[in-house]
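Working notes for the structure below.
What follows is calculated from the coordinates using simple rules that are stated; it is not laboratory data. Keep in mind it's a predicted model, so treat the numbers as computed, not measured. For neighbour counting, all protein chains shown are included, and Cβ atoms are generated from backbone atoms with ideal geometry for every residue, glycine included.
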Amino acid sequence: MNAEHLQSPRFTPSPQLMNNLRLLSILGAVVTIIGIIFVPEREWASMLLAGIFLLGLGIAGVVFIAIQYVTNAGWSTVIRRIPESMLSSLVAGALIILIAMAGIHHLYPWSDSSLMGSNPILKAKEGWLNVPFFIGRTVAYIVIWLLLSTLIIKNSIRHGEEGELRYRAKSKTASAIFLVVFALTFSLASMDWIMSLEPHWYSTIFGVYNIIGAFVSGLTSITLIALILKRKGYLTEYLTGEHFHNLGKLIFAFSTFWMYIWFSQYLLIWYSNIPEEVTYMVKRQHGSWLIFTIVNVLFNWVIPFFALLPSWTKKHEGLLLRVCIILLLGRWIDLFWMILPPFLPDAPVVNIWELAPMFCVIPGFFYLMFKSLAKRSIIPAKDTMLVESLPLYHFHG
């Protein structure tokens, strides 16, 4: 049996499911618009959170593909259509963030020129934190990501459909460039979009912290979609326990790395005891925010760590599915923990205004994913690395 003779199934989501996802996303968008009118301070922040969440999922899918190309990994070829389809989420998340820039004066205290002039700390940062340069950088980040991501995905798809090595070589070159550019620009973007919400505070590892957080959410979404497709019968013949074991190991490793960076940031702030730094953690360790801090660590590391520590659990599809859901919820909690305290200083509040943007982007994510997956065969049948990705098959010349 040759790899090229494998049947390449097409994903066909039910029209009812797609309509329901689209309706939920539109409903969430409508409530978000209402919130911007009546509670702009909270709604703009929640909208920014939703945009960063969705963009993080999309760009993490591209990062996953790029890593596979630069390391010459073949095991993931069978699921590569999933991260390829996440490019649409990158576009949608970028659009939400650009729209959120309309609320810049509600989000960022440094955007008030009168405050900037009277505050010596903000005045010293004026060369970087000013509205034209801030918006210009935001547009530049997004344009760079979209250009490089599109180049990688375009050649990756053509390699899977035509099997020509030149497309793989182009994707590999673009991936190497993208990973370097991504590490720099996403670090700066997270400092711009999130850290400057509290401009007196700073952390030298904040960029790395957000890169890892986004990548973990991307890994979990890839795994979640793969599990859903297999349960629906689309990848049953192709996905094995070894694929999920590899994905589980990555999730386990990077969620632990997330905890390492989280604790490193906390420890540095704690023992240095600099007033501009400690205020960030102090407000998150009192009252109900302390509960949020504990839940953040539980969902993003403690539960996944002990759930995936044994080898067999990484192959247990039901358990892995639950861990993915917990980690995606944990990503939202982590972003809420980073973004909302300046707007909800007394206690965290989670009601319709905070949830509406997520009710827009979560169904929107699945709608865009399923729509993109349905455009082409779900297996890159002519990919030269496909044989390596199908360990249960025995291929003969």
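Results, tabulated for the structure shown:
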quantity: Pairs of alpha carbons in the stretch 264-340 whose separation is greater than 16 Å (percent); calculated: 58
quantity: Amide proton proximity set for Ile194, modelled H, under 5 Å, gap of 5+; calculated: none
quantity: Semi-axis lengths (Å, descending) of the ellipsoid that matches the C-alpha gyration tensor of the chain; calculated: 37, 22, 21
quantity: Contour minus Cα-Cα distance for Lys283 and Ile121 (0.36 nm per residue); calculated: 56.3 nm
quantity: Cα-centre dipole for the stretch 114-168 with unit charges at Cβ (Lys and Arg positive, Asp and Glu negative), debye to 20; calculated: 160
quantity: For the chain, with +1 on Lys and Arg beta carbons and -1 on Asp and Glu, the positive-most of Phe133, Ile52, Pro83 along the dipole; calculated: Pro83
quantity: Cα-based Rg of the stretch 332-371 normalised by 2.2 N^0.38 Å, two decimals; calculated: 1.42
quantity: Whole-Hz ³J(HN,Hα) from phi, Karplus 6.51 cos²θ - 1.76 cosθ + 1.60, for the stretch 261-270, glycine and proline x; calculated: 5, 4, 5, 4, 4, 4, 5, 4, 5, 5
quantity: Gyration tensor (Cα) of the stretch 121-203, equivalent ellipsoid semi-axes in angstrom; calculated: 36, 11, 8
quantity: For the chain, with +1 on Lys and Arg beta carbons and -1 on Asp and Glu, the positive-most of Ala183, Gln16, Leu147 along the dipole; calculated: Gln16
quantity: Along each principal axis, Cα extent of the stretch 223-372, largest first, Å; calculated: 58, 35, 22
quantity: Angstrom value of the Kirkwood radius, inverse mean 1/r, which spans all Cα pairs in the stretch 300-397; calculated: 17.6
quantity: GNM result for the chain, Cα springs below 10 Å: residue of Ser156, Ser88, Ser203 fluctuating most strongly; calculated: Ser203
quantity: Cα extents of the stretch 120-279 along the three principal axes, largest first (Å); calculated: 62, 33, 25
quantity: Student exercise, the stretch 150-307 dipole from Lys, Arg, Asp, Glu Cβ charges, in Debye to nearest 20; calculated: 460
quantity: Between helix 317-339 and the chain: long-axis angle, C-alpha atoms, 0 to 90°, nearest 10; calculated: 20
quantity: The stretch 50-167 pair-distance distribution - Cα-Cα, 10 Å bins, rounded %; calculated: 12, 34, 24, 16, 10, 3, 0
quantity: Ratio of Rg to Rh over the stretch 196-295 (Cα coordinates, Kirkwood Rh, two decimals); calculated: 1.15
